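> Dropping the structure in here first, questions after.
The values are calculated or read from the model by the stated rules, or taken from the named source; none is laboratory data. Bear in mind that the values here come from a model prediction, so they are computed numbers and not experimental data. Cβ: placed from backbone, ideal geometry, glycine included. Neighbour counts: every protein chain shown.
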Amino acid sequence: MPRRRVRAWLSDWIASRPPTLFLIPSDPWNLTGSIGDAAMIAAVTEVCRTQAGLEVTVLTSTDAADQAAHRLGLRTVRVAWDSEQAFWPQVDRQIRKKHAKALLVLGADVLDGGYGSEMAKRMLRIADLAASRRIPTAILGFSFNSAPAEDLRPAWAKLHPDVVIQVRDQSSLQRFEAFSGRKGTLVADCAFLLKEKPGQASEAVRAWTDGKRQQGRHVLGINFHPQLFKKREDFPRLGRSFETVLRKLAAEDGTAFVVIPHDNREDSDKVALRAFAAGLDQTLRENVLFVGEDVGPDEIKAIVSHLDGTVTGRMHLAIATLGMGRPAVALTYQDKFEGLFDHFDLPSWLLVTPEAAGEPEVLLALIRRFRASLGALTSQVQAHLPAVQQAARRNLDALGWTAGDAARQP
C-alpha cells in the first residue's frame, strides 16, 4: 500500500475514534486503592463518556494501577513516574499521539503538598504542558490545607494562565488564593456526581438494617483508621473509645452500627476495622455489622443509603453519606472536612479531632447529640444537596462543554 494511502487510512481511523481525555490521577501506583479516588475517577469518567462522548485515558505507573483502570473501563498509558528523565518525553509524546481533546488533573488532597510536594509539582507541570499545547486543561476540585509546602509556591506561580483551577470548598479556596496568588473557582467534589449501584454487600446491609429498624433502632455507620494519627501508636486508644461507646449506646436504646472500611491499600482502615470488629465480644457483635467485602464507591453509596448517618474518618465516606441525603460526623484531618460541611451549613459540633474522639466521654456525648439531631440534620442536608450537586457539575462546565459536544472541541 502506498505511503500516502497508509497516512490517509491512519488519519481516517484516528478521526473515527472517540476523542481522548487524559486524566492525571493523584495516585498512579494504586489508582483506586483509596475508595475516595475511585469515586472521583468513576464519577468523572461516567460524565465524560455519557455527556461528552470522550474516551478516557489515565496515566499509570504499575500493573496494579493498569488493572484497576481496566476494571473501570479506562484506557491506560504507562509512564515512568519514578524517572524524571524518562517521564516528560513520554508524557509529551503520549499527549500528541493520542490527539488529546482535554486534560483533567485529579487534584484531590495532594496539591498542597500534604503528602509530599514532588507529586504535586509533577501534576502541575503536566497541566502546564497540556495548556501550552492549547489543550483545554482543568484541575478538578481539590482541597488545600492550612500549612501548604512552601516549595510549591513557584510551581503555582508558573502554571499556565489557561489552566482552569477549581477548589472544592470555600475554606480551601481562601487558603489557596492567599498562598498562590492565583484565582480559583469554587466547586464541590466531583464524587457528588457518582450514582449509587446496589450489590451483594449493600443488599446484605439493607436486610440487616431493615431488621434493626423493625425493632425501632437507629443504625449508624462508623469508620476510623490509623492514618488519622501522626503517631500510629495512638490509634488503639481510638478503637477502645469506640468499643466503649458502642457498648453504652447499644445498652441505652439498641443503636446498631455498620462498620465500613473505605480504603483498600496496605495498612488501611480495612485491616484495622476488621481487627476491631473481630475483637468485639459476642453480645456486642450482634449489634454490629462489618462490611468485609471489597466494594466499589458506587456500592458504598448504596450501603449508606440504608443508614441514618455515619461517623467517619474518611472524607469521601462523608461525601457518599451526604450525597445520599444523610448527615455525618467527621473525625477531622488535613483541614478537609470544615469546607465540605460548609457546603451544607452544618454545625461545627459535628467535627471532632481524632484525639478528642479517643476520650470515650467526648465521643459518647457527640454521638448521643448526633442521634438526637438526626431528623433536623437530615432535612438540612437534603435541602442543600441539589445546590451542592450543581456545584459538583461545574467541575466539567469549566471546559465549556455541554452534553454531547465535547467531540467538537478544537
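> State which residue is surrounded by the most Cβ atoms within 10 Å (Cβ to Cβ) when the search covers only region 239-258 and only residues that are closer than 17 Å to residue 370 by Cβ and of a type in the set (A, V, I, L, M, F, W, C).
Among those that are closer than 17 Å to residue 370 by Cβ and of a type in the set (A, V, I, L, M, F, W, C), it is 257.
> Scan region 166-181 residue by residue and report those that are crowded, with 20+ Cβ neighbours inside 10 Å and in contact with a strand residue (DSSP E or B) (Cβ under 8 Å, 6 or more places away or on another chain).
If the condition is that a residue be crowded, with 20+ Cβ neighbours inside 10 Å and in contact with a strand residue (DSSP E or B) (Cβ under 8 Å, 6 or more places away or on another chain), then 166, 167, 168, 169, 172, 173, 176 are the ones that fit.
> Going by the structure shown, is residue 182 assigned by TED's automatic domain parsing to the domain that holds residue 315 and either out of contact with any helix residue (DSSP H, G or I) (no Cβ under 6 Å at 6 or more places or on another chain) or free of Cβ contacts under 8 Å to residues at least 40 places away in the same chain (or both)?
Details: assigned by TED's automatic domain parsing to the domain that holds residue 315: no; either out of contact with any helix residue (DSSP H, G or I) (no Cβ under 6 Å at 6 or more places or on another chain) or free of Cβ contacts under 8 Å to residues at least 40 places away in the same chain (or both): yes.
So residue 182 fails the test.
> Now for a different question. Does region 297-304 contain at least one residue that is assigned to a loop (DSSP other than H, G, I, E, B), modelled with pLDDT of 95 or more, under 25 Å from residue 381 (Cβ atoms) and in contact with a Leu (Cβ under 8 Å, 6 or more places away or on another chain)? Steps first, answer last, please.
Here is the first cut: in region 297-304, the residues assigned to a loop (DSSP other than H, G, I, E, B) are none.
Scanning region 297-304, I find no residue that is assigned to a loop (DSSP other than H, G, I, E, B), modelled with pLDDT of 95 or more, under 25 Å from residue 381 (Cβ atoms) and in contact with a Leu (Cβ under 8 Å, 6 or more places away or on another chain), so the answer is no.
> Part of a loop (DSSP other than H, G, I, E, B) and touching a strand residue (DSSP E or B) at 6+ places or on another chain (Cβ under 7 Å) - does that describe any residue in region 113-133? Don't jump to the end; show me each part of the working.
From region 113-133, those part of a loop (DSSP other than H, G, I, E, B) are 113-116, 133; that's our starting set.
From what's left, touching a strand residue (DSSP E or B) at 6+ places or on another chain (Cβ under 7 Å): none.
Taking every residue of region 113-133 in turn, none turns out to be part of a loop (DSSP other than H, G, I, E, B) and touching a strand residue (DSSP E or B) at 6+ places or on another chain (Cβ under 7 Å).
> Within region 65-95, can you find the residues that are small (Gly, Ala, Ser), surrounded by fewer than 20 Cβ atoms within 10 Å (Cβ to Cβ) and assigned to a helix (DSSP H, G or I)?
Our first condition is that a residue be small (Gly, Ala, Ser); within region 65-95, this holds for 65, 68-69, 73, 80, 83, 86.
Add one more test, that the residue is surrounded by fewer than 20 Cβ atoms within 10 Å (Cβ to Cβ), and what stays is 73, 80, 83, 86.
Within region 65-95, just 86 meets the criteria.
> Quick check, is residue 146 surrounded by 20 or more Cβ atoms within 10 Å (Cβ to Cβ), under 20 Å from the mean Cα position of the chain (by Cα) and not aliphatic (A, V, I, L, M)? Before you say what the answer is, go through the steps one by one.
Numbers: surrounded by 20 or more Cβ atoms within 10 Å (Cβ to Cβ): no; under 20 Å from the mean Cα position of the chain (by Cα): yes; not aliphatic (A, V, I, L, M): yes.
So residue 146 does not fit the description; no.
> Considering 362, 329, 311, which residue is part of a helix (DSSP H, G or I) and either modelled with pLDDT under 95 or not assigned by TED's automatic domain parsing to the domain that holds residue 145 (or both)?
Values: 329 fails: part of a helix (DSSP H, G or I); 311 fails: part of a helix (DSSP H, G or I).
Of the residues listed, the single one that is part of a helix (DSSP H, G or I) and either modelled with pLDDT under 95 or not assigned by TED's automatic domain parsing to the domain that holds residue 145 (or both) is 362.
> Out of the residues in region 96-111 that are modelled with pLDDT of 85 or more and in a loop (DSSP other than H, G, I, E, B), which is surrounded by the fewest Cβ atoms within 10 Å (Cβ to Cβ)?
Residues of region 96-111 that are modelled with pLDDT of 85 or more, as a first pass: 101-111.
If we keep only those that are in a loop (DSSP other than H, G, I, E, B) too, we end up with 106-111.
On the way: 106: 23, 107: 28, 108: 26, 109: 23, 110: 20, 111: 32.
The extreme case among them is 110.
> Which numbered condition in (1) under 21 Å from residue 120 (Cβ atoms); (2) modelled with pLDDT under 90 is the only one that residue 48 fails?
(1)
> Are any residues in region 321-348 over 17 Å from residue 369 (Cβ atoms), small (Gly, Ala, Ser) and surrounded by 24 or more Cβ atoms within 10 Å (Cβ to Cβ), and if so, which ones?
323
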